[in-house]
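*Asks:* Below you will find the structure I want to go over with you.
The values are calculated or read from the model by the stated rules, or taken from the named source; none is laboratory data. Since this is a predicted model, take the numbers as computed values, not measurements. All Cβ positions, glycine included, derive from the backbone under ideal geometry; neighbour counts span all protein chains shown. Surface accessibility is based on the protein's heavy atoms, side chains included, excluding ligands, DNA and RNA. Shrake-Rupley method; radii C 1.70, N 1.55, O 1.52, S 1.80 Å.
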Amino acid sequence: MLHAKIPVLSKKAQISVLTCSAGDQLFSSFGHTAFRVQDPELGIDVVYNYGTFDFNKPNFYLNFAKGKLIYSLSRKSFEAFLYDYQLEKRWIKEQLLDLNQEQANHLLKFFEENYKPENRDYPYDPLFNNCSTITGDILEEQIGNAIVFNGSHLKELMTFRQLVHQHIKTNEWGTFGIDLAFGGITDKQATVRQHMFLPYYAMYQLNNTTYNGKPLLSRERTISDYPEKSDQSTFLTSPLFWFMFVLCFVIAITYLDKKHDGQNKWLDFTLFFVSGLAGLILMLLWFATDHVVTQLNFNFLWLLPTNLVVAFYIVSKKKPTWLTKYLWLALGLMVVILLIWIFKIQILSPLNIPLLLILAIRYLFLLKKI
């Protein structure tokens, strides 16, 4: 490890970018990026990791919900870093930067200055300010504007949502939550540099980056090699299975209600209350937090926050006169959200379809019932 005084790196020093494969947890599904500084003459081999966070920090989950999640730069020996990823059986690839001694020392001083307690924290954003986007920022700002990020290796520029979906499958609970919470802003096309928010794309990009017209990398190598993580989920635990199960249940209950001229009030109260609560959360994520990715989220048009209040009226013996108009409005807004989807203003998850049908079936039943 480094001493209190920053050493002067020798001519044999190397600075590289480490890319790690995806892990089992949702937060590690996109891989990881870090910097490595090594100097065999000085016995230095350390990793500077901008992807460090602490679940035990005060108000961690509250700050996460508010969009004020703080990540930190950590520093540890390469041996300890390697051990962690080998324990999880995740591959690590290394890309060595073609830097001279002066540039290497300049980067080391930058990392050490950044590592000071007063400098190491930064506001995290999953798309625009994470361990991977910082890689491009640091190289551009610390090495110079002569760096060119060439996008010729990309067949097409994709949206942020399309890029996210390359690493997580649609029919997973985590993906469903992401699609529900991410707004239309994530359906905008990402630039070549913005593709680097994903570690894999940052790795591909460095292969196509030049400095003063020459390749930025001197060479690449594989540090540890493991196969990509495979999907361990089953259809019986997937959201589609459970949403279809609930849809069939609602259809059966609605049929019985119609046959016996009744109303399952517990079902209606639950559907209205839960959909209203979900819609309220989505609106708060858009308007009451610092999250960028949750902006322009029109899912609240079918997950109506007002359903929270209507849930209590829908189970009352005497229905208010305005309820019929409200139900027609709710159905109309479902059509609007489908048009928003069709015209690609915001891309919705196909998992929303059974949920839309569940609500639409009860809305139509209640309209006829009233």
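*Asks:* I'd like to know which of Trp242, Tyr211, Phe128 lies farthest towards the positive end of the charge dipole of the chain, counting +1 on Cβ of Lys and Arg and -1 on Cβ of Asp and Glu.
*Replies:* Towards the positive end, the residue furthest out is Trp242.
*Asks:* Only Lys, Arg, Asp and Glu count, each charged at its Cβ (+1, +1, -1, -1), so figure out the dipole size of region 126-274 about its Cα centre, rounded to 20 debye. Before the final figure, lay out the partial values.
*Replies:* Details: 12 positive and 14 negative charges, 35 e Å.
With only Lys, Arg, Asp and Glu charged at Cβ, the dipole is about 160 debye.
*Asks:* Also, I was wondering about something else. Given the Cα atoms of region 180-242, and with Rh set as the inverse mean 1/r over their pairs in the Kirkwood sense, what is Rg to Rh to two decimals? Spell out each step's value before the answer.
*Replies:* On the way: Rg = 18.3 Å, Rh = 16.0 Å.
Looking at region 180-242, the ratio lands at 1.14.
*Asks:* Using only the Cα atoms of region 114-156, build the gyration tensor, take square roots of its eigenvalues as a ≥ b ≥ c, and label the shape rounded, prolate or oblate: rounded if a/c is under 1.5, else prolate if a/b is larger than b/c, else oblate.
*Replies:* Taking the square roots of the gyration eigenvalues as a ≥ b ≥ c, region 114-156 is oblate.
*Asks:* Sorted by mean Cβ packing within 10 Å, highest first, what order do the peptides 22-28, 358-364 take?
*Replies:* Output ranking for 22-28, 358-364: 358-364, 22-28.
*Asks:* Working from Cα positions, state the angle (0 to 90°, nearest 10) between the long axis of helix 101-115 and the longest principal axis of the chain.
*Replies:* 50 degrees
*Asks:* While we're here: Quick one: order Glu118, Glu220, Glu112 from most to least accessible surface, probe 1.4 Å.
*Replies:* Greatest to least solvent exposure: Glu118, Glu220, Glu112.
*Asks:* Determine the equivalent ellipsoid of region 52-201 by diagonalising the alpha-carbon gyration tensor, then write out the semi-axes as square roots of 5 times the eigenvalues, largest first, rounded to whole Å.
*Replies:* For region 52-201, the ellipsoid semi-axes come out as 27, 22, 17 Å.
*Asks:* Could I ask something else about it? Any idea of the accessible area per residue across region 12-121, 1.4 Å probe, to the nearest Å²?
*Replies:* On the way: 5370 Å² over 110 residues.
About 49 Å² of surface per residue is accessible.
*Asks:* Exceeding 22 Å between C-alpha atoms, which entries from my cross-link table qualify? They are Lys325/Lys368; Lys68/Lys89; Lys76/Lys169; Lys11/Lys109; Lys66/Lys229. Let's see the in-between values first.
*Replies:* On the way: Lys325/Lys368 12 Å; Lys68/Lys89 31 Å; Lys76/Lys169 33 Å; Lys11/Lys109 16 Å; Lys66/Lys229 31 Å.
Distance filter (> 22 Å) returns Lys68/Lys89; Lys76/Lys169; Lys66/Lys229.
*Asks:* Select one label from (i) 36, 27, 23; (ii) 51, 19, 19; (iii) 37, 21, 20: the one whose number is semi-axes √(5λ) of the Cα gyration tensor in Å as derived from the coordinates shown.
*Replies:* Only one option fits the structure, namely (ii).
*Asks:* Please list, in order along region 329-336, the HN-Hα scalar couplings obtained from phi with the Karplus expression 6.51 cos²θ - 1.76 cosθ + 1.60 (θ = phi - 60°), rounded to whole Hz, x for Gly and Pro.
*Replies:* 4, 4, 5, x, 5, 5, 5, 4
*Asks:* Continuing with this model, one more query. Over region 190-280, give the accessible area per residue in Å² for a 1.4 Å probe, as an integer.
*Replies:* Averaged over the residues of region 190-280, the accessible area is 58 Å².
*Asks:* Roughly how many Å² of Ile251 are accessible to a 1.4 Å probe, to the nearest 10?
*Replies:* 80 Å²
*Asks:* Apply the a/c threshold of 1.5 to the C-alpha gyration tensor of region 85-150 and tell me whether it is rounded, prolate or oblate.
*Replies:* Rounded is the answer for region 85-150, as its axis ratio a/c remains below 1.5.
*Asks:* Calculate, axis by axis, the spread of Cα positions in region 207-264 along the three principal axes, and write the results as whole Å, longest axis first.
*Replies:* 78, 28, 11
*Asks:* What residue among Ala80, Ala34, Ala181 shows peak mean-square fluctuation when the chain is described by a Gaussian network model with Cα springs under 10 Å?
*Replies:* Result: Ala80 has the largest fluctuation of those listed.
*Asks:* Also: Which percent of the accessible heavy-atom area of region 109-252 goes to carbon and sulfur, probe 1.4 angstrom?
*Replies:* 56 percent
*Asks:* Per the 1.4 Å probe, what fraction of the accessible area of region 261-370, in percent, lies on carbon and sulfur atoms?
*Replies:* Carbon and sulfur atoms account for 76 percent of the accessible area of region 261-370.
*Asks:* Using modelled amide H (1.01 Å from N, peptide plane; none on Pro or chain starts), what sits under 5 Å from the amide H of Thr52, excluding residues fewer than 5 places away?
*Replies:* Those lying under 5 Å, H to H, from Thr52 are Ser72, Ser74.
*Asks:* Ok, one more. For region 313-326, what does the Karplus curve 6.51 cos²θ - 1.76 cosθ + 1.60, with θ = phi - 60°, yield as ³J(HN,Hα) per residue in whole Hz, taken in order and with x for Gly and Pro?
*Replies:* Karplus values, whole Hz, x for Gly and Pro: 6, 5, 9, 6, 5, 9, 6, x, 5, 7, 5, 4, 4, 4.
*Asks:* Rg and Dmax in Å for region 225-370, alpha carbons only: what are they?
*Replies:* In order Rg, Dmax, the Cα atoms of region 225-370 give 17.5, 67 Å.
*Asks:* Could you state the angle between the C-alpha long axis of helix 133-143 and the longest principal axis of the C-alpha atoms of the chain, as a value from 0 to 90 degrees rounded to the nearest 10?
*Replies:* Relative to the chain, helix 133-143 is tipped by roughly 30 degrees.
*Asks:* Which whole-number percent is the relative contact order of region 172-325 (Cα, under 8 Å, 6+ apart)? Show your work: numbers first, answer last.
*Replies:* Details: 115 pairs, mean separation 46.3, N = 154.
In percent, rounded to a whole number, it is 30.
*Asks:* A further question follows. Just to check I understand the Karplus step: with θ = phi - 60° and J = 6.51 cos²θ - 1.76 cosθ + 1.60, what whole-Hz values come out for region 165-173, glycine and proline as x?
*Replies:* Residue by residue, region 165-173 yields 5, 6, 10, 9, 7, 4, 8, 9, 4 Hz.
*Asks:* Then there's this: Carbon-plus-sulfur fraction of the accessible area of region 21-100, 1.4 Å probe, in percent?
*Replies:* The C+S portion of the solvent-accessible surface of region 21-100 is 53 percent.
*Asks:* Going by alpha carbons, how many degrees (0 to 90, nearest 10) lie between the helix axis of 239-259 and the longest principal axis of the chain?
*Replies:* So the helix axis and the longest Cα principal axis differ by about 10 degrees.
*Asks:* With runs of 4+ DSSP H residues as the only contributors, calculate the mean residue ellipticity of the chain at 222 nm using -39,500 (n - 2.57) per run, divided by the residue total and rounded to the nearest 500.
*Replies:* So the helix-based figure for the chain works out to -13500 deg cm²/dmol.
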